[in-house]
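Following: one structure in structure tokens, then a few remarks.
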Amino acid sequence: MSMILIVEDENSIGEIVELNLTLAQHSVTRVTTAEEALQIINSGMRFDVAILDIMLPGMDGIQLCGEIRRTDSQIGIIMLSAKSQERDKVVSLSTGADDYITKPFGVQELIARVESLLRRVKREAAPVAEEDIIHSGPFTLDLKSRILYKNKQMIDLTSVEFSIMELFFKNAETAMVREKILQGVWGENYYGDVKIVDVNIRRLRIKIEEDPSNPQHIVTVWGYGYRWTV
Ligand code: CA
């Protein structure tokens with residue numbers, strides 16, 4: 001059973017999401033403010049996935065996302081945003097969200113996104129039997145502990161960022177279209193936008209490149225996608 005946190009001040013939406021996730025056999029905790037969510041998390045409760053509405057009374061969902069991500073790089077985070085908040089999507093992804101969904105949304109679509117994120121979070125928790133370490137230039141990827149090192153220095157990555165790096169390492173020097181990255185990381189049944197790949201790449205470049213505006217490792221292949229090179 002997976003632990004899911006919902007932070008949504010609109011009760012009609014919160015209730016239907018909670019109901020459907022509960023029917024799908026998940027353990028759901030639902031609160032209506034970011035402050036309550038932080039209180040629960042600070043009390044030591046751990047979640048596999050958090051669904052955060054952006055517009056909340058008090059602290060907003062974007063700030064909350066940053067707070068959660070600061071202490072938990074493994075949790076999957078999905079943001080809920082209104083149509084008029086396009087900018088917020090990009091901002092929230094840059095604070096560490098893994099996915100976003102625009103209101104109004106079909107509850108089945110949200111559930112599918114949650115399941116997809118959960119598969120990734122779980123896969124990461126499962127033990128890896130062999131070939132646990134992949135080297136690539138100054139980088140080392142430890143698949144068992146899911147840690148990336150650059151020149152023996154640990155680099156803090158989210159689950160999604162780690163999965164992208166794993167895909168890159170296993171396909172070094174190969175140009176990959178964004179759709180392939182999306183499928184490889186978010187899963188075959190992902191309905192989201194390829195833009196989410198770009199946002200994660202931008203974040204990864206900040207973390208691993210000497211000069212993120214002139215990347216030497218995650219190279220843009222114009223009109224195609226990205227290539228990992230050392
Ligand atoms: Ca709201």
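The values are calculated or read from the model by the stated rules, or taken from the named source; none is laboratory data. Remember, it's a predicted structure, so these values are computed and weren't measured experimentally. With ideal geometry, Cβ positions are generated from the backbone for all residues, glycine too; neighbour counts draw on all protein chains shown.
Please find, within region 37-50, the residue that is nearest to the ligand (Cβ to nearest atom) out of those that are surrounded by fewer than 23 Cβ atoms within 10 Å (Cβ to Cβ) and touching a residue at least 12 places away in the same chain (Cβ under 8 Å).
Filtering first and then ranking leaves Leu38.
Just for region 72-113: of the residues that are buried (at least 20 other Cβ atoms within 10 Å of the Cβ) and small (Gly, Ala, Ser), which one is farthest from Val197 (Cα to Cα)?
It comes out as Ser81.
Taking Ile111, is it touching a strand residue (DSSP E or B) at 6+ places or on another chain (Cβ under 8 Å) and either among the polar types (S, T, N, Q) or modelled with pLDDT of 85 or more (or both)?
no
Tally time: how many residues in region 178-217 are in contact (Cβ under 8 Å) with a residue 12 or more places away in the chain and either part of a loop (DSSP other than H, G, I, E, B) or among the charged types (D, E, K, R) (or both)?
16
For region 4-22, give me each residue that is surrounded by fewer than 16 Cβ atoms within 10 Å (Cβ to Cβ) and within 16 Å of Leu118 (Cα to Cα).
Filtering region 4-22 down to residues surrounded by fewer than 16 Cβ atoms within 10 Å (Cβ to Cβ) leaves 10-12, 15-16, 19, 22.
Passing the criteria: only Thr22.
Would you mind finding the one in Asp72, Asp9, Asp88, Asp53 that is free of Cβ contacts under 8 Å to residues at least 40 places away in the same chain and within 14 Å of the ligand (Cβ to nearest atom)?
Working: Asp72 fails: within 14 Å of the ligand (Cβ to nearest atom); Asp9 fails: free of Cβ contacts under 8 Å to residues at least 40 places away in the same chain; Asp53 fails: free of Cβ contacts under 8 Å to residues at least 40 places away in the same chain.
Residue meeting the stated conditions: Asp88.
Give the residues of region 26-44 that are assigned to a strand (DSSP E or B) and more than 12 Å from Gly14 (Cβ to Cβ), sorted by residue number. Quick ask: steps written out before the conclusion?
Within region 26-44, the first condition is being assigned to a strand (DSSP E or B), and the residues that meet it are 27-31.
The one that is assigned to a strand (DSSP E or B) and more than 12 Å from Gly14 (Cβ to Cβ): Ser27.
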